[in-house]
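One structure is given here, and the rest of the page talks about it.
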Amino acid sequence: MAETVYFENVAIGDDIPVLTKGPMTTAHIVRWSAAMENWHKIHYDWRYATEHDGLPDVLINGSWKQHVLAQVLSDWAGETGWLWKMNFQYRGMNIPGDTLFAWGRITGKNQRGNYGVIELEIGLKDQNGKEGSPGTATVVLPLRGGPAVPYPFDPAALN
Amino acid sequence: MAFDELVNHITPEVRAVIGARSDWQEAPHPVEASEVRRFFQALMDPNPRYWDDEHAAGTRYGALVAPPGFPVHAFRRPADELNDSLAAAGDPDFDGLSRAMRPGLPKLPIPLSGILNGGYEYEFYSYPKVGERIQCRSAYLDIYQKQGKAGPMVMVVIEDEYRAADGRPLLKSLNTMIMR
């Protein structure tokens, strides 16, 4: 597993490790749709997606993309930190053939109580560098030599 | 277009459901190991906290867990729900989904057929554990109209609170759905 990330190790402007998914295929899309029992035809019915809905192709599920963002952040936070907040907008569509790169950049850090609170800009870019799911996130990290981030996480611990 | 611009979908009936909050609803079955496996395999997230008993026992969660956003998908078709939503699949306009926004919330009396997911704001508190039941309650926090390029759009802001059956908070989400 990844090494423990402490508040003191993090600097504004740092990038967290990028998580790559793909190239994505229709098989990946239908595997996710089946696991979620999501029968929306824009994910598997090419004729419906393109002719009825006017889309460029069947679409990679937005529901899948959100968990990729959660994964890149919780992988970085590790078992001693906590992904507290994450928000994003669905701005761009992704289709079979796309490779997606989940990324995060540190935009702020503050000590609150005995813990470190890290603000990040996040997103999911395609192979052409186009951003489709821009957002922000907040991750809580332990201080070096400080107590573990409480689990279950309680925001009141930061006061 | 001129007429479209005048349409106000935020009628008194729609205004009356702003603030409506459902009772706590319980997912039809407990979190299943195989359901979690299909989730993390399709996500391509092989973290051992989701599948390695020995590893999970040594973490602060104490047992196998599901990914943090899993509760959002816990409300599946119950075994005793005999109405098959795919019964309408022969209709060329059927998109595969029903129009109900959330279980336990009133349907929206808005005559717009297109629906888009605008995005989410999440707050995470804990992971769901394999074997436990997930509960959710939802509210229409806000419903308002915006003028889009192709006509009016109605923004529906839904708050969902998820907890484990023992009361432990799991996550909270604000979801903006766009009807147009």
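General remarks:
- Positions within the range A:101-118 being surrounded by fewer than 22 Cβ atoms within 10 Å (Cβ to Cβ) and within 14 Å of chain B (Cβ to nearest Cβ), in sequence order: A:101, A:117
- For the range A:24-41, residues that are more than 7 Å from chain B (Cβ to nearest Cβ) and either among the β-branched types (Val, Ile, Thr) or farther than 22 Å from residue A:134 by Cβ (or both) total 9.
- Only one of the numbered conditions (1) within 12 Å of chain A (Cβ to nearest Cβ); (2) assigned to a loop (DSSP other than H, G, I, E, B); (3) open to solvent by less than 50 Å² (accessible area, probe 1.4 Å); (4) farther than 29 Å from residue A:151 by Cβ is violated by residue B:113, and that is (3).
- Condition check for residue A:49: within 12 Å of chain B (Cβ to nearest Cβ) and over 26 Å from residue B:47 (Cα atoms): yes
- Within the range B:61-85, residues that are in contact (Cβ under 8 Å) with a residue 24 or more places away in the chain and more than 10 Å from chain A (Cβ to nearest Cβ) reach partners that are among the acidic types (Asp, Glu) and loosely packed, with under 15 Cβ neighbours inside 10 Å with beta carbons closer than 7 Å, at six or more positions or on different chains, in the pairs B:64/B:53.
- Selection within the range B:143-166 - under 23 Å from residue B:73 (Cα atoms) and either aromatic (Phe, Trp, Tyr) or open to solvent by 30 Å² or more (accessible area, probe 1.4 Å) (or both): B:161, B:162, B:163, B:165, B:166
- One residue stands out among those in the range A:72-87 that are at pLDDT below 95 and under 18 Å from residue A:19 (Cβ atoms): the one that is farthest from the other protein chains (Cβ to nearest Cβ), which is A:78.
- None of A:142, A:134, A:150 is free of Cβ contacts under 8 Å to residues at least 12 places away in the same chain and crowded, with 16+ Cβ neighbours inside 10 Å except A:150.
- Taking (1) under 22 Å from residue A:92 (Cα atoms); (2) touching a residue at least 24 places away in the same chain (Cβ under 8 Å) in turn, residue B:133 satisfies each apart from (1).
- All positions within the range A:76-100 that are crowded, with 17+ Cβ neighbours inside 10 Å and under 17 Å from residue B:122 (Cα atoms): A:77, A:81, A:82, A:83, A:84, A:85, A:86, A:87, A:88, A:90
- If the condition is being free of Cβ contacts under 8 Å to residues at least 12 places away in the same chain, part of a helix (DSSP H, G or I) and more than 9 Å from chain A (Cβ to nearest Cβ), then the range B:37-54 contributes B:53, B:54.
- Being modelled with pLDDT under 95 and under 17 Å from the mean Cα position of the chain (by Cα) is true of residue A:62.
- Among (1) open to solvent by less than 70 Å² (accessible area, probe 1.4 Å); (2) within 14 Å of chain A (Cβ to nearest Cβ); (3) at pLDDT below 95; (4) part of a loop (DSSP other than H, G, I, E, B) - the single one residue B:132 does not satisfy: (3)
- Filter pass, residue B:138 being loosely packed, with under 14 Cβ neighbours inside 10 Å, of a type in the set (Ser, Thr, Tyr) and either under 14 Å from the mean Cα position of the chain (by Cα) or not in a strand (DSSP E or B) (or both): no
- Subset of the range B:63-96 [in a loop (DSSP other than H, G, I, E, B) and touching a strand residue (DSSP E or B) at 6+ places or on another chain (Cβ under 8 Å)]: B:63, B:64, B:66, B:68, B:69, B:74, B:75
The values are calculated or read from the model by the stated rules, or taken from the named source; none is laboratory data. The model shown is predicted, which means the values in this text are computed figures rather than measured ones. Heads up, the Cβs are rebuilt from the backbone with ideal geometry, glycines too, and the neighbour counts pull from every protein chain shown. Note: areas computed on protein heavy atoms with side chains; ligands, DNA, RNA excluded. Shrake-Rupley method; radii C 1.70, N 1.55, O 1.52, S 1.80 Å.
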